[in-house]
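Written out below as structure tokens is the structure these notes cover.
Read-outs: derived from the displayed coordinates by stated rules, not from any lab. What you see is a predicted model, and the numbers here were worked out from it, not measured in a lab.
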Amino acid sequence: LVVIKTDFETAGRVAGACPVELFVVLVLDTDCCLAFCPQAVVEVVRQHITAQAISCITPPTQLIWPYHSPHLAQHLAARAAPLQGLQPQPLARPCYLGTAGRQLPIGTVLGVAYWLALIQYPVNFQGVSSAALADGYRLVNPVGAAPFPFLFEPTQRAIIQAMQLLPSLRADEPARTTFA
């Protein structure tokens, strides 16, 4: 895990020019992104980022699966199998998606292709949270990982404090219990 202290576009350019594997996976704030790289090349990544006059930190973490990265493209067939036979319905309510970084309108269909793309692209927490707050929404159900485990900047904390978070959906808890 590498925390890059810059905006999404710049982080993407820096990652694309990196001499080793580096993928932006999460946009936390207007000037903070999380990226993944192989553990063996962390120092090369740090040197590359700081050579661009951008600060970064590499917090101590356990190894992490490369979710929201192109690595998961090699697993699409296995990921698609459980989705076969689904007949998604159009959204009855607007939906804010982190991978889109914005609201999707009523009538949007989130089919199999969406769910397979979801695991391969970065999540824009900043964009989607700001859009929801600007539209007047305060009650949020973050579907995915434990609610925002990497938020540590004052701006990020302010966004979270402006919302009422429902518990995230978890594998060990039926969705009906969460929504009840």
If each residue of separation counts as 0.36 nm, what is the full-extension length gain between residue 43 and residue 64 once their alpha-carbon separation is subtracted? 5.8 nm
Please work out the Kirkwood hydrodynamic radius for the range 59-111, using every pair of different C-alpha atoms, and report it in angstroms with one decimal place. 13.9 Å
Sorted largest first, the C-alpha extents of the range 1-140 along its principal axes in whole angstrom are 48, 38, 25
In square nanometres and to one decimal, what's the mean projected area of the convex hull around the Cα atoms of the range 1-64? 3.7 nm²
Gain in length, residue 109 to residue 89, computed as 0.36 nm per residue apart minus the alpha-carbon separation, to one decimal in nm? 6.6 nm
